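The values are calculated or read from the model by the stated rules, or taken from the named source; none is laboratory data. Source: prediction; values computed, not measured. Methodologically, a virtual Cβ is constructed for each residue, glycine included, from the backbone with ideal geometry; neighbour enumeration extends over all protein chains shown.
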Amino acid sequence: MTTFDIVIRNGMIVTATDKYTADIGINGSKIVDIGFDLKGHETIDATGLLVLPGGIDGHCHIEQEEADGTIHEDDFVSATGSALLGGTTTVVCFASHVPGRGLVEQFDAYREKGGNSRIDFAIHQIITRTDEQTIRDEIPVVAERGAAGLKVFMTYDDFHLTDGQFLQVLEAARKSDIIVSVHCENYDAIRHLILQHLAEGRTEPHGHATSRPPAVEREATYRAMTMGELVDQKIQIFHVSCPEVAEEIARAQSRDVKVVAETCPHYLTLTEDDLKRDGFEGTKYICSPPLRTKAAQDGMWQYLRNGVISIISSDHCGYTFDGAVGKGRHGRDADFSLIPNGMPGLGTRLPVFYDAAINGGKIDLTDFVRLTATTPAQRYGLYPEKGTIAPGSDADLVLWDPKKSVTITNALFQSNIDYTPYEGRQVQGWPVKVFQRGVLAMENGTVIARPGTGRFLRSRRG
Ligand code: URP
Ligand code: ZN
Ligand code: ZN
């Protein structure tokens, strides 16, 4: 009888389609067998635990450069440590397209930075310009080098594309067979509403939510899908925040428009009332699209159950609360429109979503795995090495204690970001051991994987 390097014994294995109790045999970096009474040089008893595929977070802003040269404060070492502490073994993060430098140069430089990662990573390429070099020469090269997708913005001063530019990107993406993910909010409508708010003296953080109502997200989503339809190019709507938008996507999907969608735990667990917290505290909750109402939150679950929304990502975007280039970079009296947009969420993604989704009775465990690991792996060309538990797959595994209750506090995630929006929230269900490619990478709140152990994952599309 074969003796495996490691056997994980008697855990409840969960995939996107099955739940069953068995042993997993690992040799080197791979799962090689699933069965009963397997023998290993090392045996890990997983009785009473769930064994999940390592989480795949498809939307993380890590060590990303902004147009003004600022670098996001969570770097590859810190962010990927937090990822492991929360049960995530793969991230898909973003190469910038800042002025004055070419696309391929920025893709290559970002891949180089990822050399410090503790976990495996893939890369989305942001597109902010549509000059001939970008469209004709460089998009095909980054696709060829294994980018997981392109990302475009319909809002933000430094990023947004016109409809004409967006169509150019879609045409180029179709030729290179690469998905385009879109941040859908109407730039001009938001500018108009921000100016109105400021003229009325409504400068407090909650103005962020009222100046970006669901209609600006719904309109942009409809427009993005229409353009995808015109070009016959697959798009993904990133960070859907409310049912009005999900409903629009469902309508397009029923006409066979090639559109898929993502949402994030914060749209399912936090509300716009969090923006009303005392003084500057509300800025911790500024992200775009903004947090919505409790009713919107409740309305989102049906779109996770029926598959209209098929991925849960963190949209991790760590700005410190107290640091020089964080939320307070323009001073503590700055109006809401000057506060950098984004919230940390890489470490908390799985525990917060598990607690709301599974303990809240909203979806099944197999759906949980589908939304947080399997579909992201499939969508970004990483499956079946990543995203499932099967012979031949990478041994990226999470031993998850469904009974463990934890009160979330930022210190648990050991990141460069000095706050979590979930401070003080009690959740049940927590990762106790994480293996990455057959090596123990996290155990009981201690990160073991060293910087540099992560590998760049080339997307295999098609
Ligand atoms: O507020 C957000 N979401 N910040 C991160 C950048 C983006 O829009 O995805
Ligand atoms: Zn976005
Ligand atoms: Zn984002």
- Item | Check on TRP430, out of contact with any Leu (no Cβ under 7 Å at 6 or more places or on another chain), touching a residue at least 60 places away in the same chain (Cβ under 8 Å) and part of a strand (DSSP E or B) | yes
- Message: Report every pair of residues separated by at least 6 positions or lying on different chains whose Cβ atoms are under 7 Å apart, first residue within the stretch 142-168 and under 18 Å from ALA220 (Cβ atoms) and of a type in the set (Ser, Thr, Tyr), second modelled with pLDDT of 95 or more and within 14 Å of ligand 3 (Cβ to nearest atom).
- Response: THR155/HIS183; THR155/GLU185
- Query: Looking at (1) in contact with an Asp or Glu (Cβ under 6 Å, 6 or more places away or on another chain); (2) crowded, with 19+ Cβ neighbours inside 10 Å; (3) part of a strand (DSSP E or B), which is the one condition that is false for TRP400?
  - Reply: (1)
- Query: Name the helices (runs of 4 or more DSSP H) wholly within the stretch 177-260 that hold at least 3 residues that are within 16 Å of ligand 2 (Cβ to nearest atom) and more than 25 Å from SER459 (Cα to Cα)?
  - Reply: 214-231
- Task: Filter the stretch 87-117 down to the residues that are in a loop (DSSP other than H, G, I, E, B) and in contact with a strand residue (DSSP E or B) (Cβ under 7 Å, 6 or more places away or on another chain), then identify the one that is farthest from ligand 2 (Cβ to nearest atom).
- Result: GLY87
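Residue-wise test of (1) over 30 Å from SER82 (Cα atoms); (2) polar (S, T, N, Q); (3) surrounded by fewer than 24 Cβ atoms within 10 Å (Cβ to Cβ).
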{"site": "GLU138", "(1), (2), (3)": "yes, no, yes"}
{"site": "ALA147", "(1), (2), (3)": "no, no, no"}
{"site": "TYR156", "(1), (2), (3)": "no, no, yes"}
{"site": "ASP163", "(1), (2), (3)": "yes, no, yes"}
- Is the stretch 349-365 home to any residue that is away from ligand 3 (no atom under 16 Å from the Cβ), out of contact with any helix residue (DSSP H, G or I) (no Cβ under 8 Å at 6 or more places or on another chain) and of a type in the set (A, V, I, L, M)? no
- Message: Exactly one of these conditions fails for ARG129: (1) part of a loop (DSSP other than H, G, I, E, B); (2) over 15 Å from ALA95 (Cα atoms); (3) more than 16 Å from ligand 3 (Cβ to nearest atom). Give me its number.
- Response: (2)
- Query: Under 6 Å by Cβ, and 6 or more places apart or on different chains, what pairs join a residue from the stretch 69-89 that is in contact (Cβ under 8 Å) with a residue 60 or more places away in the chain and more than 14 Å from ALA411 (Cα to Cα) with one that is basic (Lys, Arg) and in a loop (DSSP other than H, G, I, E, B)?
  - Reply: THR80/ARG118
- Conditions: (1) in a helix (DSSP H, G or I); (2) under 20 Å from the mean Cα position of the chain (by Cα). ARG461 meets all but one. Number of the miss? (1)
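Does the stretch 6-21 contain at least one residue that is at pLDDT below 95, away from ligand 3 (no atom under 16 Å from the Cβ) and surrounded by fewer than 16 Cβ atoms within 10 Å (Cβ to Cβ)?
Our first condition is that a residue be at pLDDT below 95; within the stretch 6-21, this holds for none.
Within the stretch 6-21, none of the residues are at pLDDT below 95, away from ligand 3 (no atom under 16 Å from the Cβ) and surrounded by fewer than 16 Cβ atoms within 10 Å (Cβ to Cβ).
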- Item | Hits in the stretch 340-361 - residues which are surrounded by 24 or more Cβ atoms within 10 Å (Cβ to Cβ), of a type in the set (Gly, Ala, Ser) and assigned to a loop (DSSP other than H, G, I, E, B) | GLY345, GLY347
- Query: If you check ILE408, ILE448, ILE417, which single one turns out to be surrounded by 23 or more Cβ atoms within 10 Å (Cβ to Cβ) and either in contact with a Leu (Cβ under 7 Å, 6 or more places away or on another chain) or among the aliphatic types (A, V, I, L, M) (or both)?
  - Reply: ILE417
- Within the stretch 29-43, work out how many residues are farther than 13 Å from ILE389 by Cβ and under 30 Å from the mean Cα position of the chain (by Cα). 1
